[in-house]
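*Asks:* One structure, pasted below without further comment.
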Amino acid sequence: MELERQAPVITLLTDFGLNDVYVGVLKGVIAQINPALTVVDLTHQIPPQNIAAAQFNLLNAYPYFPAGTVHVAVVDPGVGGARRSIALELSDGFLVGPDNGIFTGLLAQRTILHAVELTNTEYWRVLQPSNTFHGRDIFASVAAHLANGVPLLNLGAPFDPATLVKLPLATCTPTPTGFSGNIQYIDRFGNAITNIPGDFVQGKRWSVTLGKRTIPGCRTYSEAAPGQPLALIGSHGWVEIAINGGDAQFQLRLNWHDTVQVVT
């Protein structure tokens with residue numbers, strides 16, 4: 001007996017928060033097209049308009065979903081303006097959202113098979129979308145049709161992926177004593193996640209230098225005394241700076257893009 005094919009998953013990542021109906025409306029649009037589709041909320045707590053935070057979270061979530069998943073990412077300060085609405089086909093999934101750099105980190109690791117600007121209004125929710133809510137009127141609707149099996153090239157006009165908007169990504173560089181990088185993300189616990197791969201320190205004795213402060217490299221949070229700083233390889237695979245039972249961002253006065261030195 002042939003097993004029934006499971007419908008693809010749709011993920012949603014936005015800065016909409018949970019105080020308003022915006023997230024529920026996206027799901028309603030998808031359900032109007034196919035209520036059997038599985039919709040997963042990656043997060044809706046991206047800081048408002050923070051495209052860099054969105055691309056970091058999508059990059060880290062993407063590998064945990066089955067091939068064919070349609071990922072909708074909407075952090076869109078340029079909504080209604082000149083930026084393109086796009087859909088991209090990769091070898092193992094689809095991306096739908098604004099062309100504002102939100103897919104930068106992920107695309108640095110993967111090849112785009114096809115890229116289209118979403119110009120075919122047949123797959124929009126309405127012919128005249130709101131100038132402030134393309135997530136509802138374009139992206140959610142397009143994602144549902146993709147998950148239903150509509151070929152990506154039917155959705156609009158193809159374009160050269162080389163023209164995609166890209167965010168500048170800070171680089172991790174070797175130094176005489178180790179590596180120099182930056183804080184690329186701070187999570188809700190106040191953990192500061194760097195752009196230094198954990199592979200660079202795995203199995204070594206190492207520490208992190210922040211200005212004049214030296215923070216020991218550990219395997220777990222509990223290796224530091226309560227309230228004390230530590231560095232470790234997080235579940236995302238990057239070197240992160242934390243406080244055992246505390247908030248490293250607040251206690252160490254850390255900010256996005258701060259320079260971090262790893263000494264090995």
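The values are calculated or read from the model by the stated rules, or taken from the named source; none is laboratory data. The structure presented is a predicted model; accordingly, all values stated were derived computationally and were not measured. Cβ coordinates were reconstructed from backbone atoms using ideal geometry, including for glycine residues, and neighbour counts include every protein chain displayed.
*Asks:* Could you list, in sequence order, the residues of segment 63-83 that are in a loop (DSSP other than H, G, I, E, B) and within 16 Å of Leu153 (Cα to Cα)?
*Replies:* If the condition is that a residue be in a loop (DSSP other than H, G, I, E, B) and within 16 Å of Leu153 (Cα to Cα), then Gly68 is the only one that fits.
*Asks:* Would you check which residues across segment 116-172 are touching a strand residue (DSSP E or B) at 6+ places or on another chain (Cβ under 7 Å) and either at positive phi or not hydrophobic (A, V, I, L, M, F, W, C) (or both) and list them?
*Replies:* Glu117, Thr119, His134, Gly135, Gly156, Pro158, Pro161
*Asks:* Give the residues of segment 192-211 that are closer than 17 Å to Ala224 by Cα and not in a strand (DSSP E or B), sorted by residue number.
*Replies:* Arg205, Trp206 - these are the residues of segment 192-211 that are closer than 17 Å to Ala224 by Cα and not in a strand (DSSP E or B).
*Asks:* Could you check segment 86-100 and list, in sequence order, the residues that are part of a strand (DSSP E or B) and either over 14 Å from the mean Cα position of the chain (by Cα) or of a type in the set (A, V, I, L, M, F, W, C) (or both)?
*Replies:* Ile86, Ala87, Leu88, Glu89, Leu90, Gly93, Phe94, Leu95, Val96, listed by residue number.
*Asks:* Go through (1) surrounded by fewer than 24 Cβ atoms within 10 Å (Cβ to Cβ); (2) free of Cβ contacts under 8 Å to residues at least 40 places away in the same chain for Phe94 and report which single condition fails.
*Replies:* Of the numbered conditions (1) surrounded by fewer than 24 Cβ atoms within 10 Å (Cβ to Cβ); (2) free of Cβ contacts under 8 Å to residues at least 40 places away in the same chain, the odd one out for Phe94 is (2).
*Asks:* Let me ask another. Would you call Val208 out of contact with any helix residue (DSSP H, G or I) (no Cβ under 8 Å at 6 or more places or on another chain), of a type in the set (A, V, I, L, M) and crowded, with 19+ Cβ neighbours inside 10 Å?
*Replies:* Against the criterion (out of contact with any helix residue (DSSP H, G or I) (no Cβ under 8 Å at 6 or more places or on another chain), of a type in the set (A, V, I, L, M) and crowded, with 19+ Cβ neighbours inside 10 Å), Val208 qualifies.
*Asks:* Moving to a separate point now. For segment 184-191, state whether one or more residues are surrounded by 15 or more Cβ atoms within 10 Å (Cβ to Cβ), closer than 30 Å to Asn100 by Cα and without any contact (Cβ under 8 Å) to a residue 12 or more places away in the chain.
*Replies:* Checked segment 184-191: at least one residue is surrounded by 15 or more Cβ atoms within 10 Å (Cβ to Cβ), closer than 30 Å to Asn100 by Cα and without any contact (Cβ under 8 Å) to a residue 12 or more places away in the chain.
*Asks:* Suppose the filter is within 28 Å of Pro47 (Cβ to Cβ) and either in the same structural domain as Phe56 (by TED's automatic domain parsing) or at pLDDT 95 or above (or both); does Gly211 pass it?
*Replies:* The answer is no for Gly211.
*Asks:* For segment 241-264, which residues satisfy the criterion of being farther than 13 Å from Thr194 by Cα, part of a loop (DSSP other than H, G, I, E, B) and modelled with pLDDT of 95 or more?
*Replies:* Asn244, Gly245, Gly246, Asp247, Leu252, Arg253
*Asks:* If I filter segment 215-248 down to residues being farther than 18 Å from Gln202 by Cα and in contact (Cβ under 8 Å) with a residue 40 or more places away in the chain, which single residue comes out as surrounded by the most Cβ atoms within 10 Å (Cβ to Cβ)?
*Replies:* Per the stated criteria, the residue is Ala248.
*Asks:* Here is a follow-up. Given (1) crowded, with 21+ Cβ neighbours inside 10 Å; (2) in contact with a helix residue (DSSP H, G or I) (Cβ under 7 Å, 6 or more places away or on another chain); (3) within 17 Å of His134 (Cβ to Cβ); (4) in contact (Cβ under 8 Å) with a residue 40 or more places away in the chain, where does Val79 come up short, assuming only one miss?
*Replies:* For Val79, the failing item is (1).
*Asks:* Looking only at segment 139-157, how many residues end up being in a helix (DSSP H, G or I) and small (Gly, Ala, Ser)?
*Replies:* Of the residues in that region, 5 qualify.
*Asks:* Hey, could you check segment 101-138 for residues that are under 15 Å from Tyr22 (Cα atoms) and assigned to a helix (DSSP H, G or I) and say which is nearest to the chain's Cα centre (by Cα)?
*Replies:* Gly135
*Asks:* Just give me the residues in segment 161-183 being within 18 Å of the chain's Cα centre (by Cα) and without any contact (Cβ under 8 Å) to a residue 12 or more places away in the chain, in sequence order.
*Replies:* Within segment 161-183, Pro168 is the sole residue that qualifies.
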